[in-house]
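Okay, structure first, notes after.
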Amino acid sequence: MRDHLHAKAADNDLLADLAEEEPDAAAMVADLLDEGGEAVQPLPWTRWAWRAWHILADDRQWRAGGMGPAMPCNIPWTAARTYAADHGLPLPTLFRLLRAMDAVHAGWWADKVKAEQAKTDAET
């Protein structure tokens, strides 16, 4: 999940294509991406929940951040219930997996906001 949020899988595919075309540029990009580690694909038994999380992401609300940026809320239970019913999936399992992915997403978003704030503070 964290790797996906950081787009590492797409970066690794892009890097492989770039290495064939421009080896020098690929080395530079690899150095920039190296700090991220290897991309991780979701386990086969979780792909159905992974797809649901992506499909239901547009149902997520965002809460106002006050003086900062908006922060993501969890995917609503009603959206998960409807999706589970429409696709014949077990709601308790889907809901637990969605909540776990939402927690990782919220943590990633908070880290991203903190890093951006630290960058802004350093520039001033």
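The values are calculated or read from the model by the stated rules, or taken from the named source; none is laboratory data. Since this is a predicted model, take the numbers as computed values, not measurements. Counting neighbours? That spans all protein chains shown, and the Cβs are built from the backbone with ideal geometry, glycine included.
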Please work out which residue is farthest from GLN117 (Cα to Cα), limiting yourself to region 62-95 and to residues that are under 19 Å from the mean Cα position of the chain (by Cα) and either surrounded by fewer than 15 Cβ atoms within 10 Å (Cβ to Cβ) or not assigned by TED's automatic domain parsing to the domain that holds TRP109 (or both).
-> PRO76
Subset tally (residues that are exposed (fewer than 10 other Cβ atoms within 10 Å of the Cβ) and of a type in the set (Asp, Glu)) for region 109-124 = 2
